[in-house]
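Before any comments, here is the structure.
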Amino acid sequence: MPPPSFSSQSTIQVHAPRGTIALLKDATQAVYTYLQRGSDGGAAWTALQALLADLHLDTDMSDPEWIHAPEPERSGTCESIAERLNVDLMDMHGGADVACMLRVVEQAAILLSPGRLIAHWAHALVFPALSQSHALSYADVARAHRLCVYMMLSVPLEVYDGVQDTHAFRTDVSPASDAALAFTQSVFMLYAEGPVPGRHPAVASLDTILSMYSETRPTPFLHHVALTLSPACTPLLHALILFLQRHTMHTYRITSTCLLEQLLALLVTLDDATVLEEGIKCLVMILPHVPYWLSRSEPNKLPALFRLYAHVVTVFVHANEHVRLLFSTVYGLFPGPFLWFLRAPDACLAHLGDTMPWDENDTLPLQRGSDIYLEHHLVHPQLAKHELAPDEPAGRMWQHSDPADLLAMCQRLYVPTTSIPDRDVPLPMADESGDARLRSEWRFELYMREQLLMHIGCLHRDRIAGTAEEEQQQQLQDTNRMLRTQLQTLQAHMERQRAEVQAANARHMQWESELTTKLNTYRDERRGWMLRVQELEVELDKARSVTKSQADVISDLGARLFRADSDLQLAAPKFARLQKYDAAVHRLHGSLSEWEDKLTNMDAQRDEMNKLLWRFRAMELHVVNSERSARHYSEATERLSYDKAQLDRDVQVLRAQVAEQRERLQHLEALRWQQAVPPAPPAPDFDTVHALKSRNASLELELLECRSQLEKHAMDRAQGERRTHMTPALAESTLFSPNTLRTPQEPAVSDDVVPPLSLGPSAQ
C-alpha cells in the first residue's frame, strides 16, 4: 500500500485555506494508519468528521438515514479537497481490505459526491463487496447497500419528467445526472439478469438495494422497471410484487409511467407459464387501484387487457388459480365490456379503438377457456342495478372506491368449487427457481390478506360508527367544555413560559456570543503564531541559502576578475586594429549615403517624366473612337489583362533583383568586417541603373495605357446601357471628356496629379 500522496509532490493543485489543507493531511494520514495497521479507526473517523465539519458538510455517518439527506451545495474549495482525497484513497485501495475500504468510503461519501463514487468506486469497491457478501459482516454488507442506494438517489427527479409514454429519459439536465441514470439502470439490469457467478453481485443484495430505493423513489423505481422488462424478467417481477405488497399506497403512481402498457405488451407475447403467473399476480395487485384510468386513458388500455386475458386462457388450458383471479378482477371491474368481449371479441375491440385485427380462430378457445370460470361466478350486481350499455366502461363507478373494497367485491363474485383449485390447496414442489417463486407467492398471499383485512376493518368501522355516534357526540361535547377550560389555563401558563423563555434565550445568546468571541480570538492567536513560525522558518532558510550563494558568487567573481585582467592585456593590440576598421567603415558608410542620395534624385526625375508621359497619353485617349464594338473591347481587355500580369511579373523580377543587389552589398560589408580589411568602394554600375530606369519608364507607360483602355471600356459599356434610355441624337453627340478615364469610384482629380509607380519595395 503506498503512503499518502502528501509525502511527495502531487500533480493535483489544492486551492483551499491552510487550515483546511492541514485537516485534509491529518485525515489522509489517519486513514493510511488505519488501513496499514488495522486499528479500530477511531482517529480516522474523527479526522474525517472534522474535515466534513470544516467544509460545512457535517453529517453523522452512523445514522443510516444519511443517504436520504439532500445533496449539499459544493464550493470550489470543497471540489478541490474532494478530488485530492479521492486520489489519495485510490492510491491506498490497492492493498487494503475490502471491509476497511468500505468504512472509509462511507465516512467520506458526502464529501466525495455521488459522481466520483460512480466513476471510481462503484465497480472497484461496491460491486466486488456485494459479490463476496458471504465473506463480509452484516454491517459491511449494509454499508455497501447504503453506498449503492446513495449513488442511485443522485439522479435528479427532473430526469423522469415527461416519460409517461416513452422509455426515453431526459438527457439535458447535466452530465452527472446522465452517469447516475446509467448506473441506476445498470443495477436494474443486473437484477433482471439474475445471479451470474463470478461476475455480478448476489441477487439477495440487489433485492435489498432495490427495496431501499423503492421506498424513497417509488415513481423512478416504476420507470426503471418498465425500461428493464424483458422475456427473462422473472426476478424483476418478484421485485415489483414486493413493491406492490409493501407500498400499496404508491400503486397509483403507475399511471404516470408506461409500466402497465409494457407489462401487458410483454405478457401477451410470452408462453412461459412461470412468467405469466408472476405477471398475472402483478396485474391483480394493480388493477383495483387504477380502474378509472384504465377505462378513460388515451389510448384505451382495456383492449390490451382483454387480449392478455385471451392469451392467458389459451396458454393455461386447464383451470388455474391465477387465471381465475385475473378473471374475477376483470369481470368485477368491467362487467359489461368484458362480457361483450367474451361474446364478440372483434366487435368489442373495434368499438374500444383497437386497430389490430382479431383472429377468428382464437374466439372458440377463448370462449371454451372462459366457460369454466363463468360457471363459478355470480351475476355482477351492476348488471342488475344499472342499465349498463355493453360499450360503456364501468371504471367511472369505481372512481371514488377504495382498492380493498373493490378487490373484496371482485372476490365475492367467485363461488369456490372443486373444479378450480382453492387458495388453501398446498402449492406444488418448487423447480430450480422455487425459493423466488415461493417468496413471490407468499407476498401475493400477504397482499390479498391485507386487502381483505382492510375491507373487513372498513365494514367494522362503519358498523360501530353507526351505533356509537350519539355517545361520541355527547363525549365530544363534554370533552369540548373540558378542553376549553384547559385551553384558557394553558394559554395563561404559556404566556408566563414565553416570557421566561425569552429571557433565557437572551441570556443564552449573550453567553454564546461571548464564548464565540473568545473562541475566535484563541483561534486567531493560534493561527497567527503558526503563521509567524512558518514565516520565520522560511526567512531562516532563505537567509542560509542567500549566504551560501553569496559566498559562491564572491569566489567566482575573484576568479573571473583575474581572467578578465589577463584577457584585457592580450586583447589590447586587437582593440587598436578594430578602431582602425571602424574608421574605414564610417568612410564607406558616407560613400554609400552619397550614392543613395543620387538614386533618390534620379527617382524624382523619373516621377516627373511619368507625369508628363501620363498627360501625353491622356491627350491621345481623348481622340480615340468611342464606337468600338463590345467584342473588340472584350478581347482587348483579356489581352491587356494578360499583358498586365506579365508586366507585374516583370516588376516582381526587377524588385527581386534590386533586393538581391542589396543583400549582396550587405553580405560584402559583413565579410569585410569579419576579415578586418578595409574594402574598396564599389564602382556603381551606371549602365545597369540607366537600363533599369528606361525599362521602368516603358513599363509604366504600358501600364498607364492598359489602365486607360480598361477605364475606357468600362465607360463605353456604361454609355451603351444608357443609350437605351436616351434619344439617338443625344447618344451620337456624346464625346469623351478628360474625366471619362476615371473609374466611377475615383474622385475627380486634377490633370497634374499622377499616381506614382515605383519598382522598389512598398513603404511600411
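So is H586 loosely packed, with under 12 Cβ neighbours inside 10 Å and in the same structural domain as A670 (by TED's automatic domain parsing) or not?
Values: loosely packed, with under 12 Cβ neighbours inside 10 Å: yes; in the same structural domain as A670 (by TED's automatic domain parsing): no.
Answer is no for this residue.
Residues are listed down the side, and each one gets a yes or a no for (1) within 25 Å of D405 (Cα to Cα); (2) in contact with a helix residue (DSSP H, G or I) (Cβ under 9 Å, 6 or more places away or on another chain); (3) crowded, with 21+ Cβ neighbours inside 10 Å; (4) among the small types (G, A, S):
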| residue | (1), (2), (3), (4) |
| --- | --- |
| L308 | yes, yes, yes, no |
| V313 | no, yes, yes, no |
| A319 | no, yes, no, yes |
| Y331 | yes, yes, yes, no |
| F334 | yes, yes, yes, no |
| F338 | yes, yes, yes, no |
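Of the conditions (1) at pLDDT below 85; (2) farther than 25 Å from F327 by Cβ, P220 satisfies every one except a single condition; which number is it?
All conditions pass for P220, except number (1).
Hey, any hits in the range 633-644 for a residue that's in contact with a Leu (Cβ under 8 Å, 6 or more places away or on another chain) and either without any contact (Cβ under 8 Å) to a residue 60 or more places away in the chain or exposed (fewer than 12 other Cβ atoms within 10 Å of the Cβ) (or both)?
No, the range 633-644 has no match at all.
Mind checking which residues of the range 245-275 are surrounded by 22 or more Cβ atoms within 10 Å (Cβ to Cβ) and touching a residue at least 40 places away in the same chain (Cβ under 8 Å)?
T257, L260, L267
Can you tell me which residues in the range 328-378 are of a type outside the set (S, T, N, Q) and touching a residue at least 60 places away in the same chain (Cβ under 8 Å)?
Of everything in the range 328-378, those that are of a type outside the set (S, T, N, Q) and touching a residue at least 60 places away in the same chain (Cβ under 8 Å) turn out to be Y331, G332, L333, F334.
Sort out which residues of the range 607-650 are of a type in the set (A, V, I, L, M) and either in a loop (DSSP other than H, G, I, E, B) or at pLDDT 80 or above (or both), and write them in order of number.
Within the range 607-650, M609, L612, L613, V623, V624, L640, A645, L647 meet the criteria.
Which of the residues spanning the range 308-322 are under 16 Å from C282 (Cβ atoms) and either modelled with pLDDT of 90 or more or of a type in the set (D, E) (or both)?
L308, Y309, H311, V312, E321
Within the range 370-409, count every residue that is in a loop (DSSP other than H, G, I, E, B), out of contact with any Leu (no Cβ under 9 Å at 6 or more places or on another chain) and at pLDDT 80 or above.
So the count comes out to 2.
Does S113 satisfy the criteria of being in contact with an Asp or Glu (Cβ under 9 Å, 6 or more places away or on another chain), touching a residue at least 24 places away in the same chain (Cβ under 8 Å) and not in a helix (DSSP H, G or I)?
On the way: in contact with an Asp or Glu (Cβ under 9 Å, 6 or more places away or on another chain): yes; touching a residue at least 24 places away in the same chain (Cβ under 8 Å): yes; not in a helix (DSSP H, G or I): no.
Judged against the criteria, S113 is not a match.
Condition first: in contact with an Asp or Glu (Cβ under 7 Å, 6 or more places away or on another chain) and either part of a loop (DSSP other than H, G, I, E, B) or polar (S, T, N, Q) (or both). Now tell me which residues in the range 16-48 satisfy that.
T20, T28
What is the residue count in the range 509-566 for residues that are more than 27 Å from L23 (Cα to Cα) and either aliphatic (A, V, I, L, M) or not in a helix (DSSP H, G or I) (or both)?
Residues meeting the conditions: 10.
From the residues in the range 75-96 that are part of a loop (DSSP other than H, G, I, E, B) and buried (at least 16 other Cβ atoms within 10 Å of the Cβ), which one is modelled with the lowest pLDDT?
So, considering only residues that are part of a loop (DSSP other than H, G, I, E, B) and buried (at least 16 other Cβ atoms within 10 Å of the Cβ), the one modelled with the lowest pLDDT is A96.
Kindly list the number of the only condition in (1) closer than 30 Å to A232 by Cβ; (2) touching a Lys or Arg at 6+ places or on another chain (Cβ under 7 Å) that fails for V317.
Going through the list (1) closer than 30 Å to A232 by Cβ; (2) touching a Lys or Arg at 6+ places or on another chain (Cβ under 7 Å), V317 breaks only (2).
Out of the residues in the range 63-73 that are part of a loop (DSSP other than H, G, I, E, B) and loosely packed, with under 15 Cβ neighbours inside 10 Å, state the one that is modelled with the lowest pLDDT. Walk me through how you get there before you give the answer.
Of the residues in the range 63-73, the ones part of a loop (DSSP other than H, G, I, E, B) are 63, 69-73.
Checking the rest, the ones that are also loosely packed, with under 15 Cβ neighbours inside 10 Å come to 63, 69-71, 73.
On the way: D63: 72, A69: 76, P70: 75, E71: 77, E73: 77.
Per the criteria, the residue is D63.
Going by the conditions given, is T363 part of a loop (DSSP other than H, G, I, E, B) and either acidic (D, E) or farther than 25 Å from T274 by Cβ (or both)?
Numbers: part of a loop (DSSP other than H, G, I, E, B): no; either acidic (D, E) or farther than 25 Å from T274 by Cβ (or both): yes.
The answer is no for T363.
Could you list, in sequence order, all residues of the range 73-101 that are in contact with a helix residue (DSSP H, G or I) (Cβ under 6 Å, 6 or more places away or on another chain) and of a type in the set (G, A, S)?
A82, A96, A99
Would you please list the contacts, defined by Cβ atoms under 6 Å and residues six or more apart or on different chains, that run from a residue in the range 61-85 that is farther than 21 Å from D26 by Cβ to a residue that is hydroxyl-bearing (S, T, Y) and in a loop (DSSP other than H, G, I, E, B)?
W66/T59
The values are calculated or read from the model by the stated rules, or taken from the named source; none is laboratory data. The shown structure was predicted, so the numbers you read here are calculated from the model rather than taken from an experiment. All Cβ positions, even for glycine, are placed from backbone atoms using ideal geometry, and neighbour counts span all protein chains on display.
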